[in-house]
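Participant: The structure follows.
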Amino acid sequence: MKLPELKIGSLTARVPIIQGGMSIRVSTSALAVPVADCGGIGTIGGSALPVDELKEDIREAKSRTSGIVAVNIMYAMKEFYELVMGSIEAGADMIITGAGFSRDIFKIGKKHNIPIVSIVSSPAFARLAEKLGAAAIIVEAAEAGGHLGTQTRLRDLFPSIRKVVTRVPLIAAGGITDGYEMAELMDRYGADGIQIASRFVLSTECAVDDKFKQAFLDAGPDDIVLVSSPVGMTGRAIRTPFVERMERGEDVSTRECRFKCLKKCNYKFCINDRLNFARTGNIEEGLVFSGSNTYKMKEILPVREIFDRFVREAQSVYKEKI
């Protein structure tokens, strides 16, 4: 059965897939454009980027695709509002935000006629986001990579949020690796679409070093662990030599803050540095954020092939809602 479109505000994605906005230049226009061209929602990770760099990348994306280009910006960023306004000015189609909760962002969305999508991990915040004007809500559960707002798994968390969100699309996120799971979440759990991130790291177009992708390919179930982030949240990452040092209790604290990117930072280590190390191939000193089911994925594929597989698998078992 053909999958339904995903309508968020005045925008319509032909395929109900949002590509997760991975920060520190993992999700750039290089990835967002082919996702948008495939009919999904391509997302640029805007957190911790200089505003001018983010604006340039958004303009690059918009010049290369007629599809939907979103920007993901963590509320924890010190320059959150500057990044939001820069994204709007550069022509982003949608703002996706999590890692904290902003009430004012919905006023900005209404003023500038741009959909605001909230990432939440609890029914209370989902209900509040819908009330304040979110155009859609992403339920991000414990299986997700990066910063986590809950320890509750997706299939346990989603139903409780589905009960309280009734007026806007509800998207499932966290650990989704194939189209069969996509169809399950849409059929059985009532999701209007899905967000996936880790699968797109293992795409030809994702602009990270090959060693970063190899860390994904080499990871087994026991290599994907929880870490304490200076953002003040738990994160999920692949065990690297740097992570092993943290696990042993070694001092990896930041001696000097060069970026001053977070509203609140415990300086346990510089997350900007560590994510950049990994992205550019220094896996030994880097932090490689990853979803819990990354170990299931063993191929680097073009974005088009990832989409085709998800759609083919999902449509083979999807049952249209009556």
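A short reminder: the numbers here are calculations on the coordinates, not readings from a lab. Predicted model, so just to flag it, every value in this text is computed and none were measured. With ideal geometry, Cβ positions are generated from the backbone for all residues, glycine too; neighbour counts draw on all protein chains shown.
Participant: At R64 and D308, where each label point lies 7 Å from the Cα along Cα→Cβ, what is the point-to-point distance in nanometres?
Facilitator: Those two pseudo-labels are separated by 2.1 nm.
Participant: Another question, then. In whole Hz, what ³J(HN,Hα) sequence does region 15-24 give by Karplus (6.51, -1.76, 1.60; θ = phi - 60°), x for Gly and Pro?
Facilitator: Values per residue, Gly and Pro as x: 10, x, 10, 9, 7, x, x, 7, 7, 6 Hz.
Participant: Assuming R0 = 56 Å, can you tell me the calculated FRET efficiency for the pair M85 and K319, based on Cβ-Cβ distance, to the nearest 0.05? Intermediate values should be presented prior to the final figure.
Facilitator: Values: r = 43 Å, r/R0 = 0.76.
Taking R0 as 56 Å, the efficiency between M85 and K319 is 0.85.
Participant: Kindly state, to the nearest 0.05, the FRET efficiency for Q214 paired with Y189, given R0 = 45 Å and r defined as their beta-carbon distance.
Facilitator: Values: r = 34 Å, r/R0 = 0.75.
Efficiency at R0 = 45 Å is approximately 0.85.
Participant: In nm, give the distance between the simple-model label positions of D156 and R14, each being 7 Å from the Cα along the Cα-to-Cβ direction.
Facilitator: Taking the two extended label points, one gets 3.9 nm.
Participant: Extension gain A124-E285, at 0.36 nm per residue separation less the Cα-Cα distance, in nm?
Facilitator: Values: separation 161, 0.36 × 161 = 57.96 nm, distance 3.77 nm.
Full extension of this stretch gives 54.2 nm more.
Participant: How much length, in nm to one decimal, is gained on full extension between K110 and K298, taken as 0.36 nm per residue of separation minus their Cα-Cα distance? It would help to have the intermediate numbers written out before the result.
Facilitator: Working: separation 188, 0.36 × 188 = 67.68 nm, distance 4.23 nm.
Between K110 and K298, full extension yields 63.4 nm more.
Participant: Can you spot the lysines whose alpha carbon is less than 27 Å from K78's alpha carbon? Ignore those fewer than 8 places along the same chain.
Facilitator: K78 reaches K55, K62, K107, K110, K111, K131, K260, K263, K264, K268.
Participant: Follow-up. In terms of Cα to Cα distance under 20 Å, which lysines are near enough to K296, apart from those fewer than 8 places away along the same chain?
Facilitator: Hits, sequence-local ones excluded: K211, K213.
Participant: Counting each DSSP H run of 4 or more residues in the chain as -39500 (n - 2.57), what helix-only mean residue ellipticity at 222 nm follows after dividing by all residues, to the nearest 500 deg cm²/dmol? Don't skip to the answer; put the middle values down first.
Facilitator: Working: 12 runs with 115 residues, N = 322.
The helix-only estimate for the chain comes to -10500 deg cm²/dmol at 222 nm.
Participant: Please order Y318, Y267 by the number of other Cβ within 10 Å, starting at the fewest.
Facilitator: Details: Y318 20, Y267 12.
Starting with the residue having the fewest Cβ neighbours, the order is Y267, Y318.
Participant: GNM, the chain, Cα, under 10 Å: largest mean-square fluctuation among R309, R248, R103?
Facilitator: Result: R248 has the largest fluctuation of those listed.
Participant: Taking 0.36 nm per residue of separation and subtracting the Cα-Cα distance, what length does fully extending D222 through E256 add?
Facilitator: 9.0 nm
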